[in-house]
Amino acid sequence: MAWRAPELVAAFLDHPAPFFDSLTTVRVPSWSRGRVVLLGDAAATALLGDGSSMAMAGAYALAEELAAHPGDHARAFAAHETRLRREVGPRQRRVGLLARLMVPRTRPGLAMRNAVGRAVGRTNRTASREATPR
């Protein structure tokens with residue numbers, strides 16, 4: 001990024017209201033209240049595309065639970081949450097680790113993250129070339 005750093009710093013300094021977002025996890029005791037239920041990364045913080053997958057899986061599971069408990073949305077919501085928390089719990093625990101790896105606080109951490117990113121990029125390019133039919 002050294003070649004873009006001056007441009008990025010200048011854009012940041014010239015912008016009237018720069019915005020930064022942190023990688024945080026908000027845990028709520030319940031994913032529903034009344035007739036409202038949270039799905040996907042609204043219910044549980046996700047990184048690297050997990051939110052859309054969790055939303056689809058959650059919507060499907062919610063539909064199944066609503067069908068299994070006709071006329072009783074409270075029971076359906078509770079069953080949905082019990083069912084999905086088993087899967088979401090480990091993902092939420094990984095969010096903290098991934099956030100520390102993706103946004104390191106030290107120069108050595110930044111160097112490590114960048115080295116891993118380059119290595120993964122090389123591995124992906126090699127795998128893509130090997131998978132391409134000739």
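A short reminder: the numbers here are calculations on the coordinates, not readings from a lab. If you're wondering where the values come from, they're calculated on a predicted model, not measured in any experiment. Quick reminder, even Gly has a Cβ in these numbers, built from the backbone with ideal geometry, and neighbours come from all protein chains shown.
Taking each residue as 0.36 nm, the span from R105 to A59 lengthens on full extension beyond its C-alpha to C-alpha distance by 12.9 nm. In segment 69-128 the Cα-Cα distances spread across 10 Å bins starting at 0 as 19, 24, 24, 16, 13, 4 percent of all pairs.
Working ranking of peptides 102-114, 30-42 by packing, defined as the average number of other Cβ atoms within 10 Å per residue, highest first, is 30-42, 102-114.
Working note: Karplus 6.51/-1.76/1.60 with θ = phi - 60° gives segment 66-82 the couplings 5, 5, 6, 10, x, x, 10, 4, 4, 5, 4, 4, 5, 5, 4, 5, 4 Hz, where Gly and Pro are set to x. Here the Karplus curve 6.51 cos²θ - 1.76 cosθ + 1.60, taken at θ = phi - 60°, turns the phi angles of segment 29-37 into couplings of x, 9, 8, 9, 8, x, 9, 10, 10 Hz, with x standing for Gly and Pro.
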